[in-house]
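A.B. asks: I have a structure here, written as structure tokens, and I will follow up with some questions on it.
What follows draws every value from the coordinates through simple rules; no lab data is involved. Keep in mind that this is a model prediction, so the values were computed, not measured. Don't worry about glycine lacking a Cβ; one is built from the backbone with ideal geometry, like all the others, and counts go over all protein chains shown.
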Amino acid sequence: MSVPLEPRVADRVRALGTADLVVGIPSYDNVRTIGHVVRAVTAGLAKHFPGHRAVIVNSDGGSTDGTPEVVAETELGSPQAILASHPLPPTLKILTPYHGVPGKGSALRTIFAIAERLSARACAVVDADLRSITPGWIELLLGPQLEHGFDYVAPLYLRHKYDGTITNSIVYPLTRSLYGQEVRQPIGGEFGFSGRLASHYLARPVWESDVARFGIDVWMTTTAIADGFRVCQSFLGAKIHDPKDPGADLAAMLVQVVSAVFDLMETYEDRWGPIREPLPVPLFGFPHGVGLEPVSVNVGRMLGVFGQGVRDLDEVWGRALEPATLGHVRALAAARPPGFRFPDPLWVRVVHDFAIAYRRRALPREQLLRSLVPLYLGRTASFVLATAESGAEEVEAAIEALADEFVWQKADLRERWRGAERE
Amino acid sequence: MLDQVIRTTLAEFGERLRAFAPNVLAMLVILLVGAVAAGAVRFALAFVLPRLGVDRFAERSGLGDVARRAGLARRPSRTLSLAAAWVVLAVFFLLAVAALDVRVAMDLVSRAFAWLPHLLVAVALLLAGGLVAGFARRSVLIAAVNAGLPSARLLSSGAHAALFVLFAAMALEEVGLGQRVVLTAFAISFGGVVLALALAFGLAGKEVARESLERLLRRRGSEDEDGLKHL
């Protein structure tokens, strides 16, 4: 289905004809940062791809703070700029840590459509609220496509050991075991994609679904892997955002991301079933470590919520968890910090049980995933306590050990998934 | 003279009885057929419904929960087959009564059939109330636990009770049982609870209310200090 563009935008695209490179910047009320992002992108394109015809696309969600005007006024030099806007879904609520872009799926769809019409070879998307973007990011997102023929470039950020706990404890290890590719950060705001992958994304019938609204990043990564495109990673360094939305609701975030992952398990059940061992994914860039600001973690609160879950959610967890799993979870509540531990095998079992319960519709799906929050907080508290004295390498080793546990238990998941299909 | 009156009376009684006997016989036959039909319906549904996945659907939709809370320990398919059998028997009973062709009985039968739609709506309201109340109970419970509220169970039970009482009141109003009493009792109870809470927070429990709010805000404050980025 063709993506409608505003007449002036369609005219502009026709006037440009074709382009080698497209860099998209979805935005919504990012007047403070978008100028820097546009200048960094411009500099990156000029420095690393001077011989290529490049286009910057700003897909704006109806900003009221003058964001598109800043893009228009920012000194661009050689890259042409297209200003596009996409309509806001009337009842859309964006619950996403990717700051302030309501309807990000719509913004990306517009960028993909423009890239397709311009017959672009290599494309990238960067967030509009970045403070740490450098011109080198553009080379790292576009270079692997132009020089090595990759279709999807996932970002790899330098993060604090306690950042990205949903990614580290659920999304990364689960998608690694399912789809067999070690994409370390499958949810990233910045990524590269080839023109043919953009056309593939546009052809998928997901743009009106919840997956495209709330799980767009993990959907893009999973689709690229599962549909056989060449995938790599690029090390971008630290990612620093403009702190606009500090109060993202954890439960809503967990529901959105995990429901996207579980929905994709159903979509691609024929693909992930036969995969046995994950393979490493090529990495571009120069991984390095820098000092990161310490992160405060309220372990007591997490354990309090977990303990209350054990006391009060027995009836709900009984519908999701196998009896043996539930019994082991109950037994954990007796432990106190610093000795509290949520073992890897038990956590994998919990995630797999919830995936099966999601498939069987044991409960309304949103209720089911919201009831995962206390278990997730218990697991996170355990991880924080176990790695309190550990450095970045030891923490990464612990995450890889968890990922291996997901692989070892995959055969059981496969059998139970087939059994749930038969019900 | 006396024996003639007695003989005439007995003869007339005998006549009436002979005239009425076919109706009584028809009633007995209809009752017998109804019992057989009810039994057949029960066994047929008990065989078919599990194979159609009714029990699985009831568990997934929450109707199984509603039934268990109502004290129905049987599987939903068994409960439905038993209920269907009783409905068949009730219908045949009404037909049997109609076969007597007695005016009072006819009146009763026509009133029963006129009342049946209201009964069905009331049953539907109770089922819907059970589902909605159960859904709300689980939602409030999960949200309260995730927020770390210590009275999570109390809040969820309160939500469940309030919704179920509302639907039950609507069901009773539908069947016309004590309409004014039910509505008045509901309004008094609900209004009373609201007034009591307002007074408690406003007067008697204002210190407790203040401390609870302070604890909640302090908890929210310490949450803000948690610098984890979860994604």
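A.B. asks: Determine the dipole magnitude for region A:315-374: charges of +1 sit on the beta-carbon of Lys and Arg, -1 on that of Asp and Glu, nothing else is charged, the reference point is the Cα centre, and the result goes in debye to the nearest 20.
C.D. replies: Working: 10 positive and 5 negative charges, 20 e Å.
So the dipole magnitude of region A:315-374 works out to roughly 100 debye.
A.B. asks: Going by how many other Cβ atoms sit within 10 Å of their own, how do A:193, B:135 line up, fewest first? Write out the running numbers ahead of the final one.
C.D. replies: Working: A:193 29, B:135 19.
Least to most surrounded, the residues fall as B:135, A:193.
A.B. asks: Related question: If you average the alpha carbon positions of region B:67-144 and of region A:263-286, how far apart do those two centres end up, in angstrom?
C.D. replies: When both Cα centres are located, 52 Å separates them.
A.B. asks: For region B:30-81, just say rounded, prolate or oblate: build the C-alpha gyration tensor, square-root its eigenvalues into a ≥ b ≥ c, call rounded for a/c under 1.5, and beyond that prolate if a/b exceeds b/c, oblate if not.
C.D. replies: oblate
A.B. asks: If you take the C-alpha gyration tensor of chain A, multiply each eigenvalue by 5 and take the square root, what semi-axes do you get, largest first, in whole Å?
C.D. replies: Ellipsoid semi-axes (Å, largest first): 38, 22, 21.
A.B. asks: State to the nearest 20 debye the size of the charge dipole of the protein assembly as shown about its Cα centre, where the only charges are +1 on K and R beta carbons and -1 on D and E beta carbons.
C.D. replies: Here the size comes out at about 1720 debye.
A.B. asks: Mind giving me the nanometre distance, one decimal, between the label points for residue B:37 and residue A:204, set 7 Å out from Cα along Cα→Cβ?
C.D. replies: The two pseudo-label positions are separated by 5.7 nm.
A.B. asks: Right, another one. Mind running the shape call on region A:207-359? Use the C-alpha gyration tensor, a ≥ b ≥ c as the square roots of the eigenvalues: rounded below 1.5 for a/c, prolate if a/b tops b/c, oblate otherwise. Please report the intermediate quantities before stating the final value.
C.D. replies: Numbers: a/c = 1.71, a/b = 1.24, b/c = 1.38.
Taking the square roots of the gyration eigenvalues as a ≥ b ≥ c, region A:207-359 is oblate.
A.B. asks: Give me a single rounded figure for B:136-142: the average over its residues of other chain Cβ atoms within 10 Å of their Cβ.
C.D. replies: Values: counts 0, 1, 10, 4, 0, 6, 15.
Partner-chain Cβ atoms within 10 Å, mean over residues of B:136-142: 5.
A.B. asks: Taking 35 Å as R0, compute the FRET efficiency from the Cβ-Cβ separation of residue A:15 and residue A:148 and round it to 0.05.
C.D. replies: 0.65
A.B. asks: So, one more: Can you give the FRET efficiency to the nearest 0.05 for residue A:73 and residue A:401, using r as the Cβ-Cβ distance and R₀ = 45 Å?
C.D. replies: Values: r = 51 Å, r/R0 = 1.13.
With R0 = 45 Å, the Cβ-Cβ based efficiency is 0.35.
A.B. asks: Taking the DSSP beta bridges in chain A as the whole, what percent of them are antiparallel, to the nearest 5? Don't skip to the answer; put the middle values down first.
C.D. replies: On the way: 7 of 34 bridges.
Antiparallel bridges: around 20 percent, rounded to the nearest 5.
A.B. asks: Rounded to the nearest 500, what is chain A's calculated 222 nm mean residue ellipticity when only DSSP H runs of at least 4 contribute -39500 (n - 2.57) each, over all residues?
C.D. replies: -15500 deg cm²/dmol
A.B. asks: Can you sort B:30, B:142, A:170, A:240 by how many other beta carbons sit within 10 Å, fewest first?
C.D. replies: Values: B:30 18, B:142 27, A:170 23, A:240 14.
Ascending Cβ contact count within 10 Å gives the list A:240, B:30, A:170, B:142.
A.B. asks: Per DSSP H run of at least 4 residues, take -39500 (n - 2.57); add these up for chain B, divide by its residues and hand me the 222 nm value, nearest 500 deg cm²/dmol.
C.D. replies: Numbers: 8 runs with 198 residues, N = 231.
One gets -30500 deg cm²/dmol as the mean residue ellipticity at 222 nm.
A.B. asks: If you place +1 on the Cβ of every Lys and Arg, -1 on the Cβ of every Asp and Glu, and leave all else neutral, what size is the dipole of region A:280-331 about its Cα centre, to the nearest 20 Debye?
C.D. replies: Working: 4 positive and 5 negative charges, 12 e Å.
The calculated dipole for region A:280-331 is roughly 60 debye.
A.B. asks: Could you tell me how many cubic angstrom of Cα convex hull volume region B:16-144 has per residue?
C.D. replies: Measuring per residue, one finds 109 Å³ for the Cα hull of region B:16-144.
A.B. asks: Give the shape of region A:269-388 as rounded, prolate or oblate, defined through the alpha-carbon gyration tensor: a ≥ b ≥ c are the square roots of its eigenvalues, a/c under 1.5 means rounded, and otherwise the shape is prolate if a/b is larger than b/c and oblate if not.
C.D. replies: Taking the square roots of the gyration eigenvalues as a ≥ b ≥ c, region A:269-388 is oblate.
A.B. asks: What is chain A's relative contact order, in percent, from Cα pairs under 8 angstrom and six or more apart in sequence?
C.D. replies: 16
A.B. asks: Report the full-extension gain for the segment residue B:157 to residue B:124: residue separation times 0.36 nm, less the Cα-Cα distance, to one decimal in nm.
C.D. replies: 9.7 nm
A.B. asks: Multiply the residue separation of residue B:177 and residue B:112 by 0.36 nm, subtract the distance between their alpha-carbon atoms, and state the gained length in nm to one decimal.
C.D. replies: This chain segment gains 21.9 nm when fully extended.
A.B. asks: In whole Å, largest first, what are the principal axis extents of the Cα atoms in region A:104-202?
C.D. replies: The Cα atoms of region A:104-202 stretch 41, 33, 29 Å along the principal axes, largest first.
A.B. asks: May I ask you to list, by number, the DSSP H helices of chain B whose Cα span along the axis is at least 18 Å and whose average Kyte-Doolittle hydropathy reaches -0.5 or more?
C.D. replies: B:2-51, B:76-99, B:103-146, B:152-175, B:179-199
A.B. asks: Turning to a different aspect of this structure: So what is log10(I(q)/I(0)) for chain B at q = 0.08, 0.11 1/Å, when the Debye sum runs over its Cα atoms only?
C.D. replies: -0.57, -0.85
A.B. asks: For chain A, with a Gaussian network of springs between Cα atoms less than 10 Å apart, report the residue from A:277, A:389, A:322 with the top mean-square fluctuation.
C.D. replies: A:389
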